1. Round to a whole angstrom and tell me the spacing of the C-alpha centers of the stretch 268-284 and the stretch 41-71.
2. Report relative contact order for the stretch 217-320 in percent, whole number only (criteria: Cα-Cα under 8 Å, sequence separation at least 6).
3. Share of Cα-Cα pairs in the chain beyond 40 Å, in percent?
4. Nearest 10 degrees, 0 to 90: what angle lies between the long axis of helix 259-269 and the longest principal axis of the chain (Cα atoms)?
5. For a quick protection proxy, order the peptides 241-254, 193-206 by their average other-Cβ count within 10 Å, most packed first.
6. Rounded to the nearest Å, what's the spacing between the alpha carbon centres of the stretch 112-134 and the stretch 336-361? Just the number, please.
7. Mind checking the angle between helix 122-152 and the chain's longest principal axis? C-alpha axes, 0 to 90 degrees, to the nearest 10.
8. Just to confirm the number: angle between the C-alpha axis of helix 56-72 and the first principal axis of the chain, 0 to 90 degrees, nearest 10?
Ligand code: MRU
């Protein structure tokens, strides 16, 4: 398969004829471009847990489609029969991964729509859920495009950019968040030099960011996570762009494990550190980073995955958190679809939501 075509692929798509969700299996990239057609609830749960679909916004879109498809099969004529089954599926899907808020955000949004229309016939509620899931995806594409535009105002031609994990096209419905300004800039003839931290233990940087950036013709450099300090010291990094899985109201940002270290290094070397994410990733119910539940992953991801044989002696304990959080004081700005929030975040994030509400009211 021609790698250059990757950006024309859809990360998450609903196949209405087949009643399936079609995803690019991200555990197989970059070696194999494999599409999965998922029809069963259990396979959808697994797809999230195993990171076949991953990245906060993509997980949200996927969950909305999954809830719609499961709902479609609920055999009920009344709200009283329908709603408990709906809640059961929602709870099951929500248990697949705890940290990225987009999962529960999308599921809650679908539930609210169902409740608001509880007096309508069940068949109509199902139709509305279908529309809502498609809307969640369309909005995700719009949000990422806007984040790309806003993020691009921070870049100059020729800049060196360091990124961690994959917050690109593969983590969203299109464009990405942290990588969106880069894709847009390239489209407009700009050149960048991008450093992708490999991102232990699941290598989202080495496998996925590098894959989509090189496919877009970007000067792509993969470094091991522990090399970030050296490339910064060399003066090769003008700015750091990362994504986010959940942002607290005080501006603390939860993202892939290792992000916090990158932010500390950037501060030391005087390099601006930006977080790029849609408002769907901002959790206004959470005050600070410490309140975010951090997913713990199986030890095998550290001890043997990617190696020909196990690399860690038997009996050794492994700590494998999937995420960490960055203290807001290390963050230069949070780039959203409604503009760039700057410290103090308690104020600026509220302002972003005010802009969002105003924009919604104009619709
Ligand atoms: O465990 P993953 O691969 O789902 O983690 C992904 C990240 O940490 C991304 O940076 C984040 O979800 C933002 S994606 C636009």
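Read the figures in this text as sums done on the coordinates, not as results from a lab. Model, not experiment: these values are computed from the prediction. Every residue, glycine as well, gets a Cβ built from its backbone with ideal geometry; the counts of neighbours run over all protein chains shown.
1. Value for the Cα centre distance between the two parts: 25 Å.
2. The value is 26 percent.
3. Every Cα pair in the chain considered, those over 40 Å come to 12 percent.
4. In the chain, helix 259-269 runs at an angle near 30 degrees to the longest axis.
5. Going from most to least packed, we get 241-254, 193-206.
6. 29
7. So the helix axis and the longest Cα principal axis differ by about 20 degrees.
8. Between helix and principal axis, roughly 20 degrees.
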